[in-house]
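Taken together, the values in this text are just the output of simple stated rules run on the coordinates, not laboratory data. Predicted, not measured: the structure shown is a model, and the values here were computed from it. Here the Cβ is made from the backbone with ideal geometry for all residues, glycine too, and neighbour counts use every protein chain on show.
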Amino acid sequence: MALRDIEKNAGVAVMILLLSVWSLLGENSCDDAEYFITGQCCPMCAPGDRVNQHCDDKTGTSCIPCTQGTYMDHPNGLTECFKCQLCDLGLGLQEVKKCTYTSNAVCDCRGGYFCVELKGEGCGVCRKHSVSKPGYRVKENGTTRSDTVIEACPLGTFSAEEMSEKCIEWKDCAKLGLLEIEPGTSTKDAVCKEKSYRHRWVISLAFISAPLILLLLTLHFQGFVKVRTLGDVPIENNAPLPFDASSSENRMSESCDNQGKSEVSKQPVESETRKNNCKSTLPIQESCGLT
Ligand SMILES: *[C@@H]1O[C@H](CO)[C@@H](O)[C@H](O)[C@H]1NC(C)=O
């Protein structure tokens, strides 16, 4: 019983094997323009068409054209056309060749993207171009096949904006006759300041104040000190002033002008007082010297 079963199974196995070999041989024996199906060779459908019904003993292959959105790019024995690929804008792709009944659409990278995975004549995966930051410059623009080539700004230059085309040289404050108050960096220009402003201000002040001080000093020793000297003279008991205060300045200068010369003898007392004043107080002597 068991032995007969085994023989039977072996027989089936051998038959299947033979069938497989025959079918393989059969497939191999089909023409280039034929395909093997269900034990026979059928004529292929042309590109743009697909098989509607396989051939049989009586009729050849029945073909029908692909429908919109599908294509068949080679002679075939297939019952379905291929779906046209869609170009995903979100992935940086765009359609560069429309799908036809005989050819697939071609996608490639859209502006601002470059290909990282080629696919046929187009691209399958795109990536965004690198952006050059401040401190760098774009040496070469990106293409659909290459990323942006970015270069750091060399020392002494800067770029302040993204995607700068050039690195700009720092301002040379010294060359401009200015004072550098902030050195340049790769992203910022040097900051200069008008050197002369502060100097001019100081010089102007000095020019204005010097004569003013001189004037004040002059006034001080000519006027103020004299008044003080007069003030020192006692005025109690309604005693008459040694000389007329209102004309004191005239007289004083007179006395000063005539210093060394003999004094007028009209008013000996007054002149004596004045002489005393002139001699006793140093400031008046100085003031006399000045006039
Ligand atoms: C990059 O492209 C821009 C326009 O998009 C152009 O102005 C610039 O000159 C290009 N730069 C280089 C380095 O080719």
Practice prompt. Just grab the label-to-label distance for Arg145 and Leu91, each label 7 Å out from Cα along the Cβ direction, in nm (one decimal).
Written response: 2.1
Worksheet entry | Förster-model FRET efficiency, 35 Å R0, Leu118 and Leu78, C-beta, rounded to 0.05 | 0.85
Item to complete: Between Asp172 and Ile37, with labels modelled 7 Å along Cα→Cβ, what's the label distance in nm to one decimal, could you check?
Response: 8.3
Discussion item. As a footprinting exposure proxy, order Phe36, Phe114, Phe207 by other Cβ within 10 Å, with the fewest listed first.
Written reply: Phe207, Phe36, Phe114
Response to the item:
Long-range amide H partners of Arg110, meaning residues 5 or more apart or on another chain whose placed amide H is closer than 5 Å, are Leu93, Gln94
Discussion item. Taking a ≥ b ≥ c as the square roots of the Cα gyration tensor eigenvalues, with a/c under 1.5 meaning rounded and otherwise prolate when a/b beats b/c, else oblate, which class fits the stretch 117-167?
Written reply: prolate
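Based on other C-beta atoms within 10 Å, arrange Asp32, Asp108, Asp88 from fewest to most.
By the 10 Å Cβ count, ascending: Asp32, Asp88, Asp108.
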Response to the item:
The residues Cys109, Cys87, sorted from fewest to most surrounding Cβ atoms within 10 Å, come out as Cys87, Cys109
